[in-house]
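Undergrad: Here's a structure for you.
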Amino acid sequence: MLTRDQIDKVVWMALEEDAPFGDITSETLVPETAVATADLVARELGVFSGGEVFAVAMTTLDDSVKVTLHVADGDHFDKGAVLASVSGPARIVLRAERIALNLVQRMTGIATLTATYVAAVEGTKARVVDTRKTTPGLRALERHAVRSGGGHNHRYSLSDAVMAKDNHLAVIDDLTAALRKAREDLPHTIHIEVEVDRLEQLDAVLAAGANTIMLDNFSLEDLRKGVGIIGDQALVEASGGITLDTIAEVARTGVDIISVGALTHSVRALDLGLDISVG
C-alpha cells in the first residue's frame, strides 16, 4: 500500500530539485495575489494512477490550494477527460505544476501499460507482476501504479525474500545443500525463489523445496516442459523478454506468474496536461 510518508518523501525531493531557491519566473512576473484554476486533462486515453500523489504535489507548499479528483486510481478514461481540478495561489500552482505532472504522467503510463498486459492474459491463471527494475527513489509510486493497472507486485526489495538468480548460482557449489541450509536457518515465513535457465537445473531446485521457480528466457516448448516437471511442487514464474506480442502464448503454457520488467523500466509517460487560467 502506498503511504503518505512515501509520497511526501518523493514530492519534497522533487520540489527541492526543481526550485531550490524558489521559482524566479513566477515570483517575478505573476502578482502575489493572483489566483489560478486548472484542469488536469487527458490528451489520450488510459488508466489513471497517482491521484493522491498529484494532490500532495499541488498542496505541499500551500495547503490553501484545493484539488478535486474526478477519477480514482484504476479508472479508465478517454481522451479529453478532465481527471482533476486545482485552484489556489497562482505562484504555487505554477511552481508545483511540473512536479505534479511528471509524477502523475509516469504513474498513469505504468498503469495503462500494465492494464494492456493484464488484458492479454485474460482467461489464463497467469498473474502479471512487476520487477525491481524501477526508477531509483520512485519504487513505491511505480509499484502502486502497477496495481492500479490490475497487475501485482513481486518482492519489494532485497530484504523481502530469498531469490537466487544466475549470478548467485554461479558462486554456489552445491545448490541443493545451500537452499536446504537457508530453509533451516530462515524463519518459516520467508519465501524462497530460484531462477533457472535450463531444464536440467530443476531437479536440484525441487529437491531443496523452493517455493517458486523462475524459468528465465525459456522457449515456449521448454516452459511447457518445465510446468509439467514442477507440477504442484512450486509456483512457476516465467521471465525474460516478455512482450505484448508473446505474453498470451507464455500464459497459455500454464505458468502461474509472468514477470515483466518493461512495466516500469521502459514505460512511456502518458500525455496529460494541466490547463491553467489565472483569475
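Residue by residue, here is whether (1) over 20 Å from the mean Cα position of the chain (by Cα); (2) not β-branched (Val, Ile, Thr) holds:
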residue: 187; (1), (2): yes, yes
residue: 193; (1), (2): yes, yes
residue: 204; (1), (2): yes, yes
residue: 212; (1), (2): yes, no
residue: 224; (1), (2): yes, yes
residue: 238; (1), (2): no, yes
residue: 267; (1), (2): no, no
residue: 274; (1), (2): yes, yes
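Undergrad: Suppose the filter is in the same structural domain as residue 12 (by TED's automatic domain parsing), touching a helix residue (DSSP H, G or I) at 6+ places or on another chain (Cβ under 8 Å) and not in a helix (DSSP H, G or I); does residue 72 pass it? Steps first, please.
TA: Numbers: in the same structural domain as residue 12 (by TED's automatic domain parsing): yes; touching a helix residue (DSSP H, G or I) at 6+ places or on another chain (Cβ under 8 Å): yes; not in a helix (DSSP H, G or I): yes.
Criteria met by residue 72.
Undergrad: Next question. Return only the number of the condition from (1) more than 30 Å from residue 106 (Cα to Cα); (2) modelled with pLDDT of 95 or more; (3) among the hydrophobic types (A, V, I, L, M, F, W, C) that residue 190 does not satisfy.
TA: (2)
Undergrad: Test residue 180 against the criterion of being farther than 19 Å from residue 239 by Cα and either touching a residue at least 24 places away in the same chain (Cβ under 8 Å) or assigned by TED's automatic domain parsing to the domain that holds residue 13 (or both), and give yes or no. Can you show your working first?
TA: Working: farther than 19 Å from residue 239 by Cα: yes; either touching a residue at least 24 places away in the same chain (Cβ under 8 Å) or assigned by TED's automatic domain parsing to the domain that holds residue 13 (or both): yes.
So residue 180 fits the description; yes.
Undergrad: Which residues, taken from the stretch 54-83, are touching a residue at least 40 places away in the same chain (Cβ under 8 Å) and touching a Gly at 6+ places or on another chain (Cβ under 7 Å)?
TA: As a first pass, look at the stretch 54-83 and keep what is touching a residue at least 40 places away in the same chain (Cβ under 8 Å): 54, 56-58, 60-61, 73-74, 81-83.
The answer is 73, and nothing else.
Undergrad: Exactly one condition in (1) farther than 25 Å from residue 114 by Cβ; (2) surrounded by fewer than 16 Cβ atoms within 10 Å (Cβ to Cβ) is not met by residue 273; state its number.
TA: All conditions pass for residue 273, except number (1).
Undergrad: Looking at 195, 200, 184, can you tell me which residue is of a type in the set (D, E, K, R) and surrounded by 15 or more Cβ atoms within 10 Å (Cβ to Cβ)?
TA: 195
Undergrad: Please work out which one of (1) hydrophobic (A, V, I, L, M, F, W, C); (2) part of a helix (DSSP H, G or I); (3) in contact with a Gly (Cβ under 7 Å, 6 or more places away or on another chain) is the condition residue 11 fails and give its number.
TA: Evaluating residue 11 over (1) hydrophobic (A, V, I, L, M, F, W, C); (2) part of a helix (DSSP H, G or I); (3) in contact with a Gly (Cβ under 7 Å, 6 or more places away or on another chain) leaves (3) as the failure.
The values are calculated or read from the model by the stated rules, or taken from the named source; none is laboratory data. Given the structure is predicted, the values throughout are model-derived calculations rather than measurements. With ideal geometry, Cβ positions are generated from the backbone for all residues, glycine too; neighbour counts draw on all protein chains shown.
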